[in-house]
Structures are given as C-alpha cells and as structure tokens.
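Data first, discussion second: the structure below is written as structure tokens.
The values are calculated or read from the model by the stated rules, or taken from the named source; none is laboratory data. Everything numeric here is computed off the predicted structure, so don't read it as measured data. Note that we place each Cβ from the backbone using ideal geometry, even for glycine, and neighbour counts take in every protein chain shown. Areas reflect the complete protein model, heavy atoms only, side chains present, ligands, DNA and RNA absent. Shrake-Rupley method; radii C 1.70, N 1.55, O 1.52, S 1.80 Å.
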Amino acid sequence: MTFLYQILNGIQIGAIYALVALGYSMVYGIVKLINFAHGDIIMLGSYAVWYFMTRLNMPWWLATIATIIFCSIVGIIIEKLAYKPLRNSARISLLITAIGVSLFLQNTVQLIFTANPKMFVTFIPSGGFSIGNRSISYTTLITIAISAAIMVALTLLVSKTKIGKAMRAVSEDNRTAQLMGINVDNTISFTFALGSGLAAVAAVLYVCSYSQIAPTMGSMLGLKAFVAAVLGGIGSIPGAMLGGLLIGVAESLTKGYISSQLADAVLFGILIIVLLVKPTGFFGRGDREKV
Amino acid sequence: MKPTRLIDKTWFRYIINTIAVLLAFGLLVLLTGPTGEGGLLNKYMSQIFIPMGINIILAVSLNLTAGFLGQLPLGHAGFMSVGAYAAALFSIHTDFPKAISFPLSLIVGGIVAAIFGILIGLPALRLKGDYLAIITLGFGEIIRVIILNIPKITGGAYGLKGIPKDTTVISTFVCVVITLFLIHALIKSRHGRAIISIREDEIASEASGIPTTYYKVTTFSFSAFFAGIAGGLYAHFIGVLDPAEFGFMRSVEILVMVVLGGMGSIIGSVVAAGALTVLPEVLRGFSEYRMVVYSLLLIVVMVFKPSGLFGRYDFSLCGAASDIAKAIKKLTHRNKLGIHEEAGK
C-alpha cells in the first residue's frame, strides 16, 4: 500500500513536471533553445497567484486565469526582447542569454518580495477519501485530472488546429514554413505564450500542494522538468508527458525508500545516463515530427 | 630595418614580460605590504586582492574551455569545490610545515579536480552545445549533493571547519601568474592551435588528423586543474567550506566574467574578473541590485555585443611596444617624405 501511495505521490508531482516539460519541449522544438528561464516562469506564476489572491483578494478562479494571462505575456515579452534579436546568432549566445533572463527574473522578484519564502493557503478543499489506511487528498486527484485534461487539449491543439499545424511546420523548417506563408514570428510568440501558460497552470497546482513560494523555487523545478523533457525526447509532446511522470515517480520512490537528500542526485544521474545512452530520449528520434 | 629585430626574439620577450611581472609584484607589495599588512592600503582593502586573484584563475580557466575550445560547461564551481575540499582535507590531515603543506595542498586540489575533469569530461564531451551545458550542470549538482551527504569526511551542511588560513596576497599573485603563463603558453603552442581548430570546426579539424576527443578531454581537465587550485586558495582564504557556496550560481558568476570579458580573450577574463570582484565592494550600498545588474549585463552584452568587451583580442606587452614603435617610425618617416617632396618641388 505504501508503495502504491508513493507511486501516486510521484504521479502528482510528475504531472506538474510534465506540464513544465511540455513548455521546454515546445520551445526547444521551435527555436532550438533550452529556455533556462522557463523554470522561473513557474516561480513568477506562483508569486502572481499568491499576489492576486492575498493582496488583490481575487477569487481563486479569477486569480488562476489572471496568472495564466500574466505568465503568457511575460513569456512573449521575454521572447521579443531577449531571444528574438539573437535568433540568427550562435547557439551559445542564446543559451547564455537564457541564463541571464533566468537570473534576472529570480533577482528582480527577490528584490521586490525579499528572499523570505511566502506561505500560500491552498484553495482546494482539504481532505480526501481513504483507501485502506491511507487517504488520497483531493489535491492529488485534481492535479492529476487537470494535467491529464490539459495534455489531451494540447495534443488536439497541436494536431488538429491551424496554429498547431503552423507550429509543427516552423519546428520542422522555419524558412520553408515562411515561404508557405506562415507568420514565423507570431508562431514562435504563440509557442512561448502557450509554454508559459502551461507553466502558470503548473505553478498554481504546485503551490496548492506545496504551499511555499520562494524566488529560487523555479530553478530546481525547472531543471527537473528539463530532465523529464530530455528523458522523453526533447521536442516531443508525448515524450514530455511520459518523461514528467517517470521523473516524478523516480523522485518519489527515491525519497521514500533511499534518501530524500539524494533525490536530486538520482535525477541528475538519470539525466546523465539518458544523455550518454540515448541522447534523443524515448520519442525524440532525430528528424521526427517535433513541436 | 633588420629582418629580425630584438623584439621578435622569444628570449627577449620573456625578459620583458618577467620584468613586467616583477614590477607588478613590486607594486602589489608596495600596496599591501610584504605580509599583507603595512602597505599603502589598509588590511581590509588589501584582502580584496585574494578573491580577485581567485576569480581571475577561475575565469581564465573557464575561458580555456568556453572561449578556446568552444564548449560551454556549466559546472565549473563543481571542480572548484572538489579542489577546495581536497586541498582543505590535505591541509587538515597532514602535518607538514606550512611552507610545504600549503603549496602541496593546492597541487593536490588541482590534481584531484583534474582527475574529476577527466572522469566527467570523457562521457560529457561526447555531447555538444546545450546538452554539454546541461550534463556538466548535472555533474556539478551531483558533486555538491555528494559533498553534502558524506558529513564524516566533508562536514556536510555544517561545513568543513578548521582549515589553516594560509592564503596570502602574494601566494595568490604567484598562482595567478603561473596560471596565466601556463594557459597562455598552451594556447600559443601546437596544442593550442589544435584546441582552437576544434572551436572553429570540429569536423574539419578531425579530418585534418587532430585527435579531437583527446584534446577536448585534456583541455577540460586542464581547466578543471586550475579551478581546483582556485578552490584550494579559496579554502585557505575563508577557512570554512560550505557546499552551498559551490552551486549553480557560482558557475554562472564565473561564466558572466568570461562572457563579459570576451570568450577567447585572456586579458578580457582578467579585466572582467577583477572589475566584477571590486565593483560589488565599491558599491556596498548597492549590493541588493548586484545580481539584477549582473543578469541585465549578461543579456545586454549578448544582444548587442555577443563577443564580449574584448572579443578575441589578446594583449601582448611586446606586441603593444612594437606597435607603438612602428607607429612612431611611420610618423617620422612620413615627415621625412614630406620634406623630400617639398624639396623636390
């Protein structure tokens, strides 16, 4: 029973990782950039939802929507100001810029809200229903359900809609896509907005289950989600989902059965093994369809 | 003009540079005093030269992989921590006289870091670009977590205490000079040209018969060696080692110095490391904004001048001297020509 419980916990955090990993994966697919600032978008989202709810006294649903919009806008601004001027320069410059953006977001938030962690009071009703001698909280179920719904919606968006088709085309070959009359700039901005919006949802779910907000919370969360994206095959949507869930379960099991302090080391160990054995991950097979 | 002038001879250049180093050394002693006290600057101000020197070693050694080899590792602080702990443990657990123990501990720190460099470099350098950055970041974090989890040896989260505070301004200066000389000599050698060729085009250099894997791993561990030495200096400067000091942020700070100075420019790294160490001290009241300014600087430099302040320019004392001499000669020569022309009319 404990084992199943750990697995369920793992799936809960894994669903959050998967949402974040999707953002990494889509952005990587479309501009070939590891967006280091993506983890900090989660941090921004956490602060935003906290601010909207405690300072502006918004109801939870309005705060959530406002957070998603806020993060999407921040994502677009970052893309326009920091990444767009560098689209044709060396990859290493782009990577360093992304690190710079990440540091900038962290430190600006730290300057505004100080480094002390803030407490977030969850709006999901506490309690849950019990199976055996353990109880499964509503937070766990809601997190898993929302993540699953979003993933289905995203898959439909990418495979069925016009903008989804444009995203796939740009990630395949952006010059050709441009010749076919696709507005590459808008598509890239949309991808950033979508990824940041997903990160905002992940942020809301994350603060509901872990209730603590700090300026540096995003970097570790972002790195773990990145490991998930690489594990599943960066650039692939089902890969990011599977990777997120696997990483979540692996982390939960390590914490439960080995040592909670070594969990990070185990995750990075997984990353290193994946990169060495199969750098393309589970689904990212070379030139396969990527978004 | 003779075909081989004095200034083109290698031995003459060595003499000039040795004299310059000795002059700098004399200036430093004048400023800080022979034992770190009693110079023109007070004790607090002379202490700043130590972290400055440590940062210069770190930045120049990272520049070797980032600027000259063209790979971007994000785990430089990991090597620094390995060197720091190795050197500190060596100092604590052996009882040689101080004059032998301290330099020996630095070398031990450097060698242990270099071994880690080979161990990490062999698998990591099979990857390129972003993936290399991520895998080295992963290794850096793993090193930190492991140090945190073997408290019997490293003191864990409480830190390693009781390290003799042996680092002085002078020993730091000596280490900086040796590092700069060795890295400069490496870059100017046959091996250095091989390393630069890998940066320019890895496939072409491999096709020209350069063993790229060998050079990549060697350069990586060479760079780790100096990071280890810097770590040893740091350990003996602070006296207490805390694993939290060697996180990702530290690696990024070193990277900022390299990028700002210019990837592939040693003088750039030296200037940027020096400036970024002194500035926060000067702007004490401004310290909250330090990281915000750093990160903005990083973005702005990347967007507007991706090659950094110095680009790939490297300063050479004799080169500068001969440039000046040439310019003067040209000037006087032109004057003479002018006179002749006037006479001809």
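Here are A:101, A:109, A:49, A:121: which of them is more than 18 Å from residue A:212 (Cβ to Cβ) and out of contact with any strand residue (DSSP E or B) (no Cβ under 7 Å at 6 or more places or on another chain)? Step through it out loud before you land on a result.
Values: A:109 fails: more than 18 Å from residue A:212 (Cβ to Cβ); A:49 fails: more than 18 Å from residue A:212 (Cβ to Cβ); A:121 fails: more than 18 Å from residue A:212 (Cβ to Cβ).
On inspection, the qualifying residue turns out to be A:101.
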With the structure loaded, tell me whether residue A:83 is more than 9 Å from chain B (Cβ to nearest Cβ), closer than 22 Å to residue A:41 by Cα and of a type in the set (Ser, Thr, Tyr) or whether it fails that test. yes
The stretch B:60-76, residues that are within 14 Å of chain A (Cβ to nearest Cβ), part of a helix (DSSP H, G or I) and crowded, with 24+ Cβ neighbours inside 10 Å: B:62, B:63, B:65, B:66, B:67, B:76
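Residues are listed down the side, and each one gets a yes or a no for (1) touching a strand residue (DSSP E or B) at 6+ places or on another chain (Cβ under 7 Å); (2) away from chain B (no Cβ under 14 Å); (3) touching a residue at least 12 places away in the same chain (Cβ under 8 Å); (4) closer than 27 Å to residue B:144 by Cβ:
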site: A:212; (1), (2), (3), (4): yes, yes, yes, yes
site: A:230; (1), (2), (3), (4): no, no, yes, yes
site: A:253; (1), (2), (3), (4): no, yes, yes, yes
site: A:256; (1), (2), (3), (4): no, yes, yes, yes
site: A:260; (1), (2), (3), (4): no, no, no, yes
All conditions in (1) open to solvent by less than 20 Å² (accessible area, probe 1.4 Å); (2) of a type in the set (Ser, Thr, Tyr); (3) without any contact (Cβ under 8 Å) to a residue 12 or more places away in the chain are true of residue B:189 except (1)
Matching residues in the stretch A:118-154 (touching a Gly at 6+ places or on another chain (Cβ under 9 Å) and among the polar types (S, T, N, Q)) number 5
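Counting just the residues of the stretch A:281-291 that are in contact with a helix residue (DSSP H, G or I) (Cβ under 9 Å, 6 or more places away or on another chain) and open to solvent by 50 Å² or more (accessible area, probe 1.4 Å), which one comes out modelled with the lowest pLDDT?
My answer is A:289.
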If you check B:117, B:140, B:109, which single one turns out to be within 12 Å of chain A (Cβ to nearest Cβ), open to solvent by less than 50 Å² (accessible area, probe 1.4 Å), closer than 20 Å to residue B:232 by Cβ and in contact (Cβ under 8 Å) with a residue 12 or more places away in the chain? B:140
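Suppose we keep only residues that are part of a helix (DSSP H, G or I) and surrounded by fewer than 24 Cβ atoms within 10 Å (Cβ to Cβ) within the stretch B:223-246. Which one would you say is farthest from the other protein chains (Cβ to nearest Cβ)?
Here is the first cut: in the stretch B:223-246, the ones part of a helix (DSSP H, G or I) are B:223-238, B:243-246.
Retained after the next criterion (residues that are surrounded by fewer than 24 Cβ atoms within 10 Å (Cβ to Cβ)): B:237-238, B:243-245.
Numbers: B:237: 25, B:238: 22, B:243: 11, B:244: 11, B:245: 15 Å.
Step by step, filter the stretch B:223-246, then rank; the result is B:237.
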Only one of B:269, B:295 is out of contact with any Cys (no Cβ under 8 Å at 6 or more places or on another chain), at the interface with chain A (Cβ under 10 Å from one of its Cβ atoms) and among the polar types (S, T, N, Q); which? B:295
Can you report the number of residues in the stretch A:194-225 which are touching a helix residue (DSSP H, G or I) at 6+ places or on another chain (Cβ under 6 Å), open to solvent by 20 Å² or more (accessible area, probe 1.4 Å) and small (Gly, Ala, Ser)? 2
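Go through the stretch A:175-193 and give me each residue that's surrounded by fewer than 18 Cβ atoms within 10 Å (Cβ to Cβ) and either in a helix (DSSP H, G or I) or on the phi > 0 side of the Ramachandran plot (or both).
Within the stretch A:175-193, the subset surrounded by fewer than 18 Cβ atoms within 10 Å (Cβ to Cβ) is A:175-176, A:178-181, A:183-186.
Scanning the stretch A:175-193 gives A:175, A:176, A:178, A:179, A:181, A:184, A:185, A:186.
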Go through (1) part of a helix (DSSP H, G or I); (2) within 14 Å of chain B (Cβ to nearest Cβ); (3) open to solvent by 10 Å² or more (accessible area, probe 1.4 Å) one by one and return the number of the condition residue A:271 breaks. (3)
Filtering the stretch A:91-130 for residues that are within 14 Å of chain B (Cβ to nearest Cβ), open to solvent by 50 Å² or more (accessible area, probe 1.4 Å), free of Cβ contacts under 8 Å to residues at least 40 places away in the same chain and farther than 18 Å from residue A:219 by Cβ leaves a count of 0
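Yes/no matrix, rows are residues, columns are (1) in a helix (DSSP H, G or I); (2) among the β-branched types (Val, Ile, Thr):
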{"residue": "A:3", "(1), (2)": "yes, no"}
{"residue": "A:9", "(1), (2)": "yes, no"}
{"residue": "A:36", "(1), (2)": "no, no"}
{"residue": "A:40", "(1), (2)": "yes, no"}
{"residue": "A:61", "(1), (2)": "yes, no"}
{"residue": "A:100", "(1), (2)": "yes, no"}
{"residue": "A:109", "(1), (2)": "yes, yes"}
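Output the residues belonging to the stretch B:279-306 that are small (Gly, Ala, Ser) and more than 21 Å from the chain's Cα centre (by Cα).
To start, the set of residues in the stretch B:279-306 that are small (Gly, Ala, Ser) comprises B:285, B:287, B:295.
Scanning the stretch B:279-306 gives B:285, B:287.
Among the residues of the stretch A:70-90, which ones are free of Cβ contacts under 8 Å to residues at least 12 places away in the same chain and either of a type in the set (S, T, N, Q) or open to solvent by 80 Å² or more (accessible area, probe 1.4 Å) (or both)?
A:77, A:81, A:88, A:89 - these are the residues of the stretch A:70-90 that are free of Cβ contacts under 8 Å to residues at least 12 places away in the same chain and either of a type in the set (S, T, N, Q) or open to solvent by 80 Å² or more (accessible area, probe 1.4 Å) (or both).
How many residues are among the charged types (D, E, K, R) and part of a helix (DSSP H, G or I) if we restrict to the stretch B:77-136?
Going residue by residue through the stretch B:77-136, those that are among the charged types (D, E, K, R) are B:95, B:98, B:126, B:128, B:130.
Now restrict to residues that are part of a helix (DSSP H, G or I): B:98, B:130.
Looking only at that region, the number is 2.
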Using the structure shown, decide if residue B:210 is within 14 Å of another protein chain (Cβ to nearest Cβ) and open to solvent by 20 Å² or more (accessible area, probe 1.4 Å). no
